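Notes to accompany the following structure.
The values are calculated or read from the model by the stated rules, or taken from the named source; none is laboratory data. Remember, it's a predicted structure, so these values are computed and weren't measured experimentally. Virtual Cβ from ideal backbone geometry, glycine too; neighbours counted across all protein chains shown. Heavy atoms of the whole protein, side chains included, go into the accessibility calculation; ligands, DNA and RNA do not. Shrake-Rupley method; radii C 1.70, N 1.55, O 1.52, S 1.80 Å.
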Amino acid sequence: MKKYDSHSSIDGKKLHPESLMMSYGYRPDWSEGAIKCPIFQTSTFVFETAEEGKAFFEIAYGLREKGPKEEIGLIYSRLNNPDLEILEDRLTLWDDAESSAVFNSGMAAISTVLLQYLKPGDIIFHSEPIYGGTDYFINHVLPTLNIKPVGFRAGRSSKEIEEALISCGNPEKLAMIFIETPSNPTNDLIDISACKKMAEKYSTADRQVLVVVDNTFLGPLWQHPLKHGADLVLYSATKFIGGHSDLIAGVCLGSKELMEPVRIMRTFLGNMADAWTGWLLMRSLETLKLRMTSQMKNARYLANFLADHPKVERVCYLGQLTEDDPQFPVYKKQCLSPGSMVSFDIAGEEAHAFKFLNSLKLIKLAVSLGGTESLVEHPATMTHSDIEPKAQQRMGITEKLIRISVGVENPEDLVMDIEQALKKV
Ligand SMILES: Cc1ncc(COP(=O)(O)O)c(C=O)c1O
């Protein structure tokens, strides 16, 4: 072994993802010994010979099978780029996935998967509530392609969920179960393995019904949907993976077999992330565990404070679930921590929520989540304003609901800010 070789195990023992985020997949001897992977800011790559160029294209375009030791060579940055390839290798470690693809936004990852795996006449069965952009794509864009959305409320029992599918009239058209768990912004849970069972029940010899999970809220640290039967996992990497509110990106992970068509679709839609974003994401991954752990501890502290406050009516936080809650067994089964997204209903109505939001000093009023700074927003009029008011009510998105993405600040400072803002209400 040369000092340049990156080790993923020692004496046969696999290293943890956080130990590998600084080195995995990168060889310093490719780049003058640089300890960090440089930014490969290039659109195209030089072939040594015409024969080599031909061979690279044959593999990239699936014109022939790869030889036993053959790797796809670098061709053009819409198809592949070292920053993206190394980043994608590192991302697979957290979710224990065979393959991953990085996109230029979470919505790009989501829409590419939906366009790849849904065809006219299909049904997509999706959880509610769901991120507003995904909700719009599923309920307003997909129907123009004759793909029918059928929604079900997160937090319901598996029996109730299947009844919602059957009541649509033609469940045999089911092609995909798309879930966001925990749901944005209410933190309701959906049992991933129960969805897998249902998908298997409605799969046929010709077609596998896919379970696709948007795992943005718990990030790659606190929930691993592939282990519970999901076929594909999606992230807005803008959130915890990027973690500094300074980039937009998305990720899809799964088996090689399911990811290959997603990569091909990405090549032709041209919505891959660029090298600079890939480099920033690699930098972010080095501190992913530190950040997410600190954010989770802060969120626990803050949620406890909110739960005891007389001006707070309801706290939606996984760390507050009690053993008698029907969602508790699902939490225990599939979540490794409550994460750092806290929502709560303030006593009163929209005006009271706005007074609170306008009174905060340290915590910034902005959408997005998962960054190092705490952010607060009003889902009903901001991230989820596309959803009509009646549907919002059904989903538990009230006019007094406030969502906080908890950052890495000092927890006492965060509570002090919230306390002073609640006093003004
Ligand atoms: C749960 C969830 N999924 C997907 C997205 C979309 O990601 P992006 O903004 O990176 O396109 C968001 C954005 O807020 C989100 O919260």
Just add up the charged neighbours of A55: K/R +1, D/E -1, any other residue whose Cβ is under 11 Å from the Cβ of A55. -3
Could you work out how far apart the two model spin labels at E48 and A391 are, taking each label as a point 7 Å from the Cα in the direction of the beta carbon, and quote it in nm? 5.6
State, as an integer percentage, the relative contact order of the chain based on alpha-carbon contacts under 8 Å between residues 6 or more apart. 16
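Work out the P(r) tail for the range 352-405: percent of alpha carbon pairs separated by more than 17 Å, whole number. Intermediate results must be reported in sequence, preceding the final value.
On the way: 520 of 1431 pairs.
I get 36 percent for the Cα pairs in the range 352-405 exceeding 17 Å.
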Under the Karplus curve 6.51 cos²θ - 1.76 cosθ + 1.60, θ = phi - 60°, whole-Hz ³J(HN,Hα) for the range 57-69, x wherever Gly or Pro sits: 5, 4, 6, 4, 9, x, 6, 8, 6, 5, x, x, 10
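Percent relative contact order of the range 195-266, based on C-alpha pairs within less than 8 angstrom and at least six residues apart? Before the final figure, lay out the partial values.
Numbers: 89 pairs, mean separation 16.3, N = 72.
About 23 percent, as a whole number.
How much mean residue ellipticity at 222 nm does the chain get from its helices, if each DSSP H run of length 4 or more adds -39500 (n - 2.57) and you divide by all residues, to the nearest 500 deg cm²/dmol?
On the way: 15 runs with 152 residues, N = 425.
The helix-only estimate for the chain comes to -10500 deg cm²/dmol at 222 nm.
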If the chain between T381 and F57 were fully extended at 0.36 nm per residue, the gain over the current Cα-Cα distance would be 111.8 nm
With +1 on each Lys and Arg Cβ and -1 on each Asp and Glu Cβ, and nothing else charged, work out how big the dipole of the chain is about its Cα centre, in Debye to the nearest 20. 300
In the chain, carbon and sulfur make up what percent of the accessible area (probe 1.4 Å)? 54
Distance check, please: which entries in K148/K227; K239/K355; K361/K423; K239/K289 exceed 19 angstrom between their Cα atoms? K148/K227; K239/K355
Which whole-Hz couplings ³J(HN,Hα) result when phi for each residue of the range 202-215 is put into the Karplus expression 6.51 cos²θ - 1.76 cosθ + 1.60, θ = phi - 60°, listed in order with x for Gly and Pro? 9, 6, 10, 4, 8, 8, 8, 6, 8, 9, 10, 10, 7, 9
In whole Å, what is the distance between the alpha-carbon centres of the range 223-250 and the range 400-414? 21
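Which entries in the list K159/K332; K159/K196; K66/K197; K173/K197; K196/K256; K197/K333 go over 25 Å, if you measure between the two C-alpha atoms of each? All intermediate terms of the calculation are to be shown ahead of the outcome.
Numbers: K159/K332 20 Å; K159/K196 14 Å; K66/K197 34 Å; K173/K197 16 Å; K196/K256 19 Å; K197/K333 15 Å.
Among K159/K332; K159/K196; K66/K197; K173/K197; K196/K256; K197/K333, the Cα-Cα distance tops 25 Å for K66/K197.
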Give the accessible area for R394 in Å² (nearest 10); use a 1.4 Å probe, count only protein heavy atoms, and leave out ligands, DNA and RNA. 140
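Would you mind working out the accessible area per residue for the chain, using a 1.4 Å probe, and quoting it in Å²? Present the calculation step by step, with values, prior to reporting the outcome.
Numbers: 19310 Å² over 425 residues.
Ligands and nucleic acids excluded, the result is 45 Å² per residue.
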Length-normalised contact order of the range 41-125, Cα under 8 Å, at least 6 apart, in percent, tallies to 19
At a temperature of 4 °C and a viscosity of 1.567 mPa s, determine how fast the range 111-239 diffuses translationally according to Stokes-Einstein, using the Kirkwood radius over alpha-carbon pairs as Rh; express D in µm²/s, rounded to the nearest whole number. 89
For L210, the residues 5 or more places away or on another chain with a placed amide H closer than 5 Å to its own amide H are M176, I177
Semi-axes of the range 133-177 from the Cα gyration tensor (sqrt of 5 times each eigenvalue, largest first, whole Å) come to 20, 14, 7
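Given N residues in the range 298-408, what is its alpha carbon radius of gyration divided by 2.2 N^0.38 Å?
Working: Rg = 14.0 Å, N = 111, 2.2 N^0.38 = 13.2 Å.
Computed over Cα atoms of the range 298-408, the ratio equals 1.07.
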Expected max-MSF residue from V312, V233, V262 in the GNM of the chain (alpha carbon, under 10 Å) is V312
Largest first, what is the accessible-area ranking of T381, T134, T277 with a 1.4 Å probe? T381, T277, T134
Any idea of T92's accessible area? Nearest 10 Å², probe 1.4 Å. 20
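Dividing the convex hull volume of the Cα atoms of the range 257-309 by its residue count, what figure in Å³ per residue is obtained? Write out the running numbers ahead of the final one.
Numbers: hull volume 8.3 nm³, N = 53.
It comes to 156 Å³ per residue, whole-number rounded.
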Radius of gyration and Dmax over the Cα atoms of the range 248-363, both given in Å: 19.7, 54
List the aspartates and glutamates whose Cα sits under 17 Å from the Cα of K364, skipping any in the same chain fewer than 8 residues away. D246, E373, E377, E409, E412, D413, D417, E419
Show L269, L63 ordered by accessible area, largest first, where the area counts protein heavy atoms only and the probe is 1.4 Å. L63, L269
In what sequence, largest accessible area first, do M416, M22 appear using a 1.4 Å probe? M416, M22
Under a 1.4 Å probe, counting only protein heavy atoms, S359 has an accessible area in Å², nearest 10, of 10
Of the convex hull enclosing the alpha-carbon atoms of the chain, the direction-averaged projected area in nm² is 22.7
Proximal lysines relative to K390, as straight alpha-carbon distance under 20 Å, when same-chain residues fewer than 8 apart are discounted: K400
Springs between alpha-carbon atoms under 10 Å, Gaussian network over the chain: tell me which of E51, E409, E88 tops the mean-square fluctuations. E51
Cα centroid separation - the range 141-192 against the range 67-111, whole Å: 29
